[in-house]
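Read through the structure below, which is laid out as C-alpha cells, and then see the notes.
The values are calculated or read from the model by the stated rules, or taken from the named source; none is laboratory data. None of these values were measured; they are calculated from a predicted model. Here the Cβ positions follow ideal geometry from the backbone for every residue, glycine too, while neighbour counts run over all protein chains shown.
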Amino acid sequence: MSALVQALERLNQLVAAAVARAQEAMPEGDRYRGLYVNEVEVERLLARPVGEVPFSAGRLAGDSLPASIVSRFQLSPFDADVLVLALAQEVDLRYERLFGYLHDDVTRRQPTVGLALMLLCGTPEERIVARRSFDPDGPLLRHHLVELSKEGTSELSRSLRLDRALLGHLLGQQGLDEELAPYAELVQAPMAADGGALDLLPLQTGERPRLERLLERVQDAERRSPVTLRLAGMSSPRAYAAAIARALGAPLVVAQSADPRVVPRLALDAALRGAVLFVDRAVAAAPAWGRVHAPCFLLAGAGFAPSLGGERVTLDEPKSSERRRWWQSCLAAQGLRAEEEDVALVSGRFRIGLDAIERATAQLAADTGLVTQQHPAQVGHDRRSGAL
C-alpha cells in the first residue's frame, strides 16, 4: 500500500505541473471558462500546431503498481501509470475537479484517454505509441483492467474507469466486489497450503503426477495465461475443487454466471486474489468461459464444460471409506459429532456425492441451531489417521 501511496503522490506532482502549464496557456479572468467557447478561444485553438497539447508532464517515476500485477498482466510503464491515474479519483475526490480543469470542461470529471496521453507522455511521438495501450487486444482492455465509456465524441474523449475488482484488490478489500457478488460465491478463504489434501482425490493410476505438474504451473509467478483443469469421471467436482484449493493454500470462488460481460471480470478477480475459480455446472458450458484471457486457474467438471479445453484429470467415484472421511470432516466443520458406527452406517447406506454430503451436514447444523463459517476443506485431513 505504501508504494501505491507514493505513486499517487508522484501523480499529484505531475497534475500540479500540468495545471501550472495549463494556466500559462489558457486566458485568465474568464469565470465561465470551460462552459462555452468564445472567439478568442477559437483563434487560440486554430493557432495551436497539430498534435501540440496545452500541457504535458511525463510518466510517473518509480514503480506505480505492485510488481506481481505488472508482470502477470504484462503491463508497460504507461499501462501502469494509466491505472494509477484511474485510481486517483477513487481515493481522493479533489481529482475530479482537477481533471475538469485540465479538460477545460467542468463537466468532464473523470480521466479520459486524451488526458492520460497528454499528462503521461512528453512528446507527440510518445503519445502516438502510447495510444496503442487502448487497443482492444492491449492488456488494459483484454484483461478488463479498465473500462472505456461508450460516451465521447472521439476515442480521446472516452473516460476511463478502473475495474472494481482491481480497485478492491489495490485497496486491500477481502470479499467479492458488490457488482460480482450476485454472480459468484467466495466459499473458502486463503489458508496455509496443505499438500496432503490431494490424498483425498481418488485419482486413477498415473494421474497424480500430471495433477502435481499442473499445480506447479498454477503457482508459477511468471505465468501470464489461464490454466484450465477439467475433472472427469465423478459427480462431485466442487468438493474436489475445495481439496485442490486447500492443496494450493488458495481461496475458492464458485462462479455462477454465463454472462459474457461478467465472466472476464470474475476471471480477473480470481487472478488477482490467486483463487481457484470453480465454474458451476449450470454455466460451465457457456462459450464465454472458453474465451478467458486473465491468468487465473479455472476448474470445472469435464462433463459440464466441453469447450473449456486445458488439462483433463480423471478420478474414480469415491469409495465408501472416502465418503465416510468426508462425512466426518463435514460434521466437524459444522461443530457436530457422531459415533464412528453411525457415520459408517450412513456413508454405506447413502451413496450420495460429496457435494450432497456438504449440503446435508450444513442443513443438519442449521436445524440444530449451530453456525460455522469454516468450510469442510479447511479441516485438516490425513488418510492414515482417518480424518479428512
Checklist (1) closer than 17 Å to Ile69 by Cα; (2) out of contact with any helix residue (DSSP H, G or I) (no Cβ under 6 Å at 6 or more places or on another chain) applied to Asp259, failing item | (1)
Restricting the stretch 311-338 to residues that are touching a helix residue (DSSP H, G or I) at 6+ places or on another chain (Cβ under 9 Å) and among the charged types (D, E, K, R), which is farthest from Ala360 (Cα to Cα)?
-> Glu311
Determine whether Asp342 is over 30 Å from Val70 (Cβ atoms) and among the acidic types (Asp, Glu).
-> yes
Can you find even one residue in the stretch 71-93 that is in contact with a Cys (Cβ under 8 Å, 6 or more places away or on another chain) and either charged (D, E, K, R) or surrounded by 14 or more Cβ atoms within 10 Å (Cβ to Cβ) (or both)?
-> yes
Filter result (in contact (Cβ under 8 Å) with a residue 12 or more places away in the chain, more than 13 Å from Asp81 (Cα to Cα) and assigned to a helix (DSSP H, G or I)) within the stretch 97-126 = Arg97, Leu98, Phe99, Gly100, Tyr101, Leu102, His103, Gly114, Pro124
Within the stretch 149-177, of all residues that are among the acidic types (Asp, Glu) and under 13 Å from the mean Cα position of the chain (by Cα), the one surrounded by the most Cβ atoms within 10 Å (Cβ to Cβ) is Asp163
Quick one: in the stretch 94-146, which of the residues that are of a type in the set (Ser, Thr, Tyr) and under 22 Å from Val70 (Cα atoms) is surrounded by the fewest Cβ atoms within 10 Å (Cβ to Cβ)?
-> Ser133
Just for the stretch 65-96: of the residues that are polar (S, T, N, Q) and not in a helix (DSSP H, G or I), which one is farthest from Glu222 (Cα to Cα)?
-> Ser76
Could you tell me which numbered condition Val313 fails, if it satisfies all but one of (1) assigned to a helix (DSSP H, G or I); (2) β-branched (Val, Ile, Thr); (3) at pLDDT below 85?
-> (1)
Taking the stretch 319-335 and the residues there that are surrounded by fewer than 16 Cβ atoms within 10 Å (Cβ to Cβ) and either at pLDDT 85 or above or of a type outside the set (S, T, N, Q) (or both), the one that is nearest to the chain's Cα centre (by Cα) would be Gly335
In the stretch 178-193, the residues that are farther than 17 Å from Tyr240 by Cβ and either touching a helix residue (DSSP H, G or I) at 6+ places or on another chain (Cβ under 7 Å) or buried (at least 18 other Cβ atoms within 10 Å of the Cβ) (or both) = Glu179, Leu180, Tyr183, Ala184
Extreme residue, nearest to Thr112 (Cα to Cα), among residues of the stretch 139-193 that are in a loop (DSSP other than H, G, I, E, B) and in contact with a strand residue (DSSP E or B) (Cβ under 6 Å, 6 or more places away or on another chain) = Arg158
In the stretch 342-355, which residue that is at pLDDT 80 or above and surrounded by 15 or more Cβ atoms within 10 Å (Cβ to Cβ) is nearest to Gly301 (Cα to Cα)?
-> Ser347
